[in-house]
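Step one of this worksheet: look at the structure below.
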Amino acid sequence: DFSKAMSQAGTSQFQEVIRQELEYSMKIELDKILATASSNDLEHTKKDLEGFKKLFHRFLQEKGPSVDWGKIQRPPEDSIQPYEKIKARGLPDNIASDLNKLVVVKLNGGLGTSMGCKGPKSLIGVRNENTFLDLTVQQIEHLNKSYNTDVPLVLMNSFNTDDDTKKILQKYSHSRVKIYTFNQSRYPRINKETLLPIAKDVSYSGENTECWYPPGHGDIYASFYNSGLLDNLIAEGKEYIFVSNIDNLGATVDLYILNHLMNPPNGKRCEFVMEVTNKTRADVKGGTLTQYENKLRLVEIAQVPKAHVDEFKSVSKFKIFNTNNLWIALSAIKRLQEKNAIDMEIIVNPKTLDGGLNVIQLETAVGAAIKSFENSLGINVPRSRFLPVKTTSDLLLVMSNLYSLNAGSLTMSEKREFPTVPLVKLGSSFTKVQDYLRRFESIPDMLELDHLTVSGDVTFGKNVSLKGTVIIIANHGDRIDIPAGALLENKIVSGNLRILDH
């Protein structure tokens with residue numbers, strides 16, 4: 001036992017020496033990069049690299065999945081409230097004064113590359129020529145006009161989206177919404193083999209674009225605070241932010257949740273509310289809320305030990321997942337940020353660059369900070385508040401007659417008999433937005449659709465109706481053109497346009 005203990009001590013000492021060497025090498029490389037910054041960029045770059053250094057230090061300290069599976073418990077009954085209960089309280093007469101204390105923050109760091117688009121994802125047209133950003137501005141403008149309030153919109157951009165977004169913002173200069181932006185940090189990508197940055201200087205254009213990355217939306221706390229905007233909004237009397245992904249079209253300001261925050265039934269205000277919703281088979285990978293060491297904690301699939309991944313995905317044990325619609329007290333962000341007390345698990349995101357180089361990105365997720373806040377709460381909201389558009393299959397749903405558009409908000413059509421959305425799987429010929437748009441002369445009637453699978457070279461004529469389960473598969477080298485006005489109900493269309501009953 002003694003010799004075993006000695007060898008373990010030796011191993012951990014050895015690991016500690018390696019850790020220190022890695023940190024020292026990283027510091028030297030970061031100093032070299034910082035030395036290339038102009039006097040204008042110096043302060044900003046310094047803050048970014050300091051933040052990165054802290055993250056890298058933690059990355060070297062942490063080993064293996066960051067949760068002890070044995071400690072995970074179901075959240076206590078009252079820690080996740082049903083939305084119906086919160087809605088049943090109704091609204092006070094002075095809801096406008098509560099609205100005046102709210103700020104809407106949209107996470108706008110992502111590019112539309114996965115859908116074959118250049119530039120910010122928020123500028124992709126989703127409905128009647130309106131982009132994600134247009135719809136967001138319309139929603140808040142409608143609120144401000146209806147209640148005579150001043151709810152501002154804040155966009156967290158990344159260095160990838162900032163320039164293009166700012167150019168577009170000029171078009172809203174006459175709208176009744178104040179729009180502010182701040183940038184999330186810019187961190188260097190790390191060579192997977194050497195664990196050193198691949199960037200040699202601060203520039204991020206030309207061949208250097210691949211050297212840098214925005215470190216996930218968990219960066220919101222530090223970059224919001226560092227931008228000075230957090231303090232300005234507090235000085236204006238703002239108390240809460242409502243944060244959501246700009247591509248989640250269901251994430252609109254909910255007055256019942258706002259009322260619950262501002263006027264809590266037990267008199268004790270929540271600092272952090274996470275909207276969760278019930279899992280379906282499509283959401284098995286979504287992060288879930290658990291009780292862990294007497295705190296509400298968000299557990300993501302990447303943190304789960306391999307032996308428990310199937311259990312994590314089970315819809316019966318973990319029934320809910322995080323929508324990333326979050327309501328957070330501004331004063332709490334300021335307090336925790338000043339104490340350096342926001343603790344978020346590190347997500348290690350491996351990437352392969354165009355030249356074949358393997359790199360890693362260290363990221364954090366905004367919802368993971370829930371355990372650092374006091375009196376946190378989950379609210380189990382209807383599925384309609386989670387309507388993300390990640391793929392052209394999602395885009396087809398939101399462009400269709402399943403939804404009607406009113407003041408920037410999409411609501412499920414009353415003509416649809418089921419409250420759930422059909423399952424749509426479009427094949428690789430539809431991945432890019434321009435290919436997808438070319439393949440539909442008009443968006444089909446989908447009010448009575450349950451399931452649609454399309455694979456291969458398929459096009460749709462005008463005024464097609466799809467009902468029940470429809471599967472359309474064009475084999476390699478074949479092409480299927482669904483004729484204008486066709487009604488497909490429970491059909492399998494295969495090969496060379498043979499239409500079979502499903």
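Points to keep in mind about this one:
- Carbon + sulfur, % of accessible area of the stretch 392-494 - ligands and nucleic acids excluded, 1.4 Å: 48
- Pairs from the list Lys46/Lys106; Lys313/Lys371; Lys106/Lys279; Lys101/Lys334; Lys118/Lys390 with a Cα-Cα gap above 19 Å: Lys46/Lys106; Lys313/Lys371; Lys106/Lys279.
- With Cα atoms, 0 to 90° folded angle of helix 42-61 axis to the chain main axis: 90
- Other residues whose C-beta falls under 14 angstrom from the C-beta of Gln13 contribute a net charge of -1, scoring Lys and Arg +1 and Asp and Glu -1.
- Alpha-carbon Rg/Rh ratio, for the stretch 235-290, with Rh computed the Kirkwood way: 1.02
- Solvent-accessible area, 1.4 Å probe, carbon plus sulfur percent, for the stretch 69-385: 48
- Within-15-Å neighbourhood charge of Ile198 [Cβ basis; K, R +1; D, E -1]: 0
- Å² per residue, accessible surface of the chain at 1.4 Å: 48
- Helix-only CD estimate at 222 nm, as mean residue ellipticity for the chain, using -39500 (n - 2.57) per DSSP H run (n ≥ 4): -8500 deg cm²/dmol
- Radius, Kirkwood style, for the stretch 127-202 when every pair of distinct Cα atoms is counted (Å): 15.0
- Each of (1) 25.0; (2) 25.6; (3) 22.1 is a candidate for Kirkwood radius over Cα pairs in Å; the one calculated from this structure is (1).
- Going by accessible surface with a 1.4 Å probe and the largest first, Asp343, Asp254 read Asp343, Asp254.
- Sum of side-chain charges, Ser244 neighbourhood, beta-carbon under 12 Å (Lys, Arg +1; Asp, Glu -1): -1
- Computed log₁₀ I(q)/I(0) - Debye formula, equal Cα scatterers, no solvent, the stretch 392-494, q 0.10 Å⁻¹: -0.26
- 0 to 90° range, to nearest 10: angle between helix 132-147 axis and the chain longest Cα axis: 90
The values are calculated or read from the model by the stated rules, or taken from the named source; none is laboratory data. Here the structure is a predicted model, which means the values were calculated and not measured. Positions of Cβ are backbone-derived with ideal geometry, glycine not excepted, and every protein chain shown enters the neighbour counts. To get the accessible areas, we keep the full protein, side chains included, count just its heavy atoms, and leave off ligands, DNA and RNA. Shrake-Rupley method; radii C 1.70, N 1.55, O 1.52, S 1.80 Å.
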